[in-house]
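Q: Pasting a structure below so you can have a look.
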Amino acid sequence: MSILVAAAQMTSRADVAANVACAERLIQRAAQRGAALVGLPENFAFMGANERDKLVMQEALDGPIVQRLQRAAAEARIAVILGGFQERSVDPERPYNTCLAIDAHGNLSALYRKIHLFDIDLGAAGQLTESSHTSAGDRPVVVDLAGLRVGLSICYDLRFGDLYAALVDLGANLLAIPAAFTLQTGKDHWEVLQRARAIEFQSYVLAPAQQGLHNERRQSYGHAMIVDPWGTVLARCPDGEGICFAEVDLQRLAQVRDQLPALRHRRPDVFPRASHGAR
């Protein structure tokens, strides 16, 4: 059984209307090509110059941005992963960075709140402290979507293998990793980490991405891609707004897991943290 999936690439800025219109356009394009599922990148609706800018954009799960894209999914009859937006929390100074799964009828199927927050010092390239204005999530999430078991994550999560071990323990066969990877880290780490997650957890990877200049302070690496469980990059976006497509072949996935049964050879009794999320 094969399922066509799509990874979108955007250059979101501070103009929410333009960003959402781009997201709608990409959803429609994916549906026209016959994809059952399309992923949008982190910060698909808004990318400000600093962490505090996003506080004015936070909204509830039934807010206008989410509702508009639920309608887009229903009209196009395609499942959509909204890669990350500012969901209002109990702390007005610290919304969640939330990834939403929407089914082909426009229903909200699952939500994942980013666990690992991006606090780094890139020297001359600047500092980013996501935790200063973001609340962290605390649980892994897997959802049945478009005939797949999709494990949800966001951007910086990519660096933490324990999360993906938990997602696979919960049955994931497709790992969704929407991102806004910085140019500085992306050029060295983006592809190798995506391929590593696919190989070590024997899963397909769907990696929508932000690309290009968002403002005078922020540039994203791009290279939205889809990777198979052998670590082969099946599809990749060039620079600019776009979308790439690939088949998720569940028979191929089963074959890889049977012939190289590394998942069955894991030793959670020796390394208990590797399955801490399967609870």
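The values are calculated or read from the model by the stated rules, or taken from the named source; none is laboratory data. Predicted model, so just to flag it, every value in this text is computed and none were measured. Neighbour counts run over all protein chains shown; Cβ positions are idealised from the backbone, glycine included.
Conditions (1) acidic (Asp, Glu); (2) surrounded by fewer than 19 Cβ atoms within 10 Å (Cβ to Cβ); (3) at pLDDT 95 or above; (4) within 17 Å of residue 83 (Cβ to Cβ), marked per residue:
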{"residue": "108", "(1), (2), (3), (4)": "no, yes, yes, yes"}
{"residue": "112", "(1), (2), (3), (4)": "no, no, yes, yes"}
{"residue": "118", "(1), (2), (3), (4)": "no, no, no, yes"}
{"residue": "173", "(1), (2), (3), (4)": "no, no, yes, no"}
{"residue": "180", "(1), (2), (3), (4)": "no, no, yes, yes"}
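Q: Go through the residues of the range 74-95 one by one and say whether even a single one is small (Gly, Ala, Ser), farther than 17 Å from residue 152 by Cβ and part of a helix (DSSP H, G or I).
A: There is at least one residue in the range 74-95 that is small (Gly, Ala, Ser), farther than 17 Å from residue 152 by Cβ and part of a helix (DSSP H, G or I).
Q: Looking only at the range 204-226, decide whether some residue is among the hydroxyl-bearing types (Ser, Thr, Tyr), in a helix (DSSP H, G or I) and surrounded by fewer than 24 Cβ atoms within 10 Å (Cβ to Cβ).
A: Checked the range 204-226: no residue is among the hydroxyl-bearing types (Ser, Thr, Tyr), in a helix (DSSP H, G or I) and surrounded by fewer than 24 Cβ atoms within 10 Å (Cβ to Cβ).
Q: Can you pull out every residue in the range 36-72 that is among the small types (Gly, Ala, Ser), surrounded by fewer than 24 Cβ atoms within 10 Å (Cβ to Cβ) and not in a loop (DSSP other than H, G, I, E, B)?
A: 72 - this is the single residue of the range 36-72 that is among the small types (Gly, Ala, Ser), surrounded by fewer than 24 Cβ atoms within 10 Å (Cβ to Cβ) and not in a loop (DSSP other than H, G, I, E, B).
Let's see how each residue does on (1) at pLDDT 95 or above; (2) touching a Phe, Trp or Tyr at 6+ places or on another chain (Cβ under 6 Å):
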residue: 207; (1), (2): yes, no
residue: 227; (1), (2): yes, no
residue: 238; (1), (2): yes, no
residue: 248; (1), (2): yes, yes
residue: 272; (1), (2): no, no
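Q: Would you confirm, using the coordinates I've provided, whether residue 264 is more than 30 Å from residue 52 (Cβ to Cβ) and in a loop (DSSP other than H, G, I, E, B)?
A: Against the criterion (more than 30 Å from residue 52 (Cβ to Cβ) and in a loop (DSSP other than H, G, I, E, B)), residue 264 qualifies.
Q: Look at the range 134-173 and say how many of its residues are over 13 Å from residue 117 (Cα atoms) and either among the hydroxyl-bearing types (Ser, Thr, Tyr) or touching a Lys or Arg at 6+ places or on another chain (Cβ under 7 Å) (or both).
A: 6
Q: Also, I was wondering about something else. Between 193, 152, 183, which is of a type in the set (A, V, I, L, M, F, W, C), in contact (Cβ under 8 Å) with a residue 24 or more places away in the chain and under 24 Å from residue 24 (Cα atoms)?
A: Only one candidate passes the filter, namely 152.
Q: Right, next: Which number in (1) under 25 Å from residue 29 (Cβ atoms); (2) buried (at least 23 other Cβ atoms within 10 Å of the Cβ); (3) charged (D, E, K, R) marks the one condition that residue 247 misses?
A: (2)
Q: Hey, among the residues in the range 126-151 that are touching a Leu at 6+ places or on another chain (Cβ under 8 Å) and in a strand (DSSP E or B), which one's modelled with the lowest pLDDT?
A: 128
Q: Here is a follow-up. Go through the range 1-28 and give me each residue that's over 21 Å from residue 216 (Cβ atoms), in a helix (DSSP H, G or I) and touching a helix residue (DSSP H, G or I) at 6+ places or on another chain (Cβ under 9 Å).
A: Of everything in the range 1-28, those that are over 21 Å from residue 216 (Cβ atoms), in a helix (DSSP H, G or I) and touching a helix residue (DSSP H, G or I) at 6+ places or on another chain (Cβ under 9 Å) turn out to be 20, 23, 24, 27, 28.
Q: Scan the range 245-262 and tell me whether some residue there is closer than 25 Å to residue 40 by Cβ and β-branched (Val, Ile, Thr).
A: Within the range 245-262 (the criterion being closer than 25 Å to residue 40 by Cβ and β-branched (Val, Ile, Thr)), the answer is yes, since at least one residue qualifies.
Q: Test residue 160 against the stated conditions and say whether it is among the aromatic types (Phe, Trp, Tyr), in contact (Cβ under 8 Å) with a residue 24 or more places away in the chain and buried (at least 17 other Cβ atoms within 10 Å of the Cβ).
A: no
Q: Next question. Out of the range 135-157, which residues are surrounded by fewer than 24 Cβ atoms within 10 Å (Cβ to Cβ) and not hydrophobic (A, V, I, L, M, F, W, C)?
A: Answer for the range 135-157, where residues must be surrounded by fewer than 24 Cβ atoms within 10 Å (Cβ to Cβ) and not hydrophobic (A, V, I, L, M, F, W, C): 135, 137, 138, 139, 144, 147, 149, 156.
Q: Of the residues in the range 17-35, how many are buried (at least 17 other Cβ atoms within 10 Å of the Cβ) and touching a Phe, Trp or Tyr at 6+ places or on another chain (Cβ under 7 Å)?
A: Qualifying residue count for the region: 3.
Q: Identify, please: which residue in the range 73-106 is of a type in the set (Gly, Ala, Ser) and surrounded by 21 or more Cβ atoms within 10 Å (Cβ to Cβ) and is, among those, farthest from residue 141 (Cα to Cα)?
A: 73
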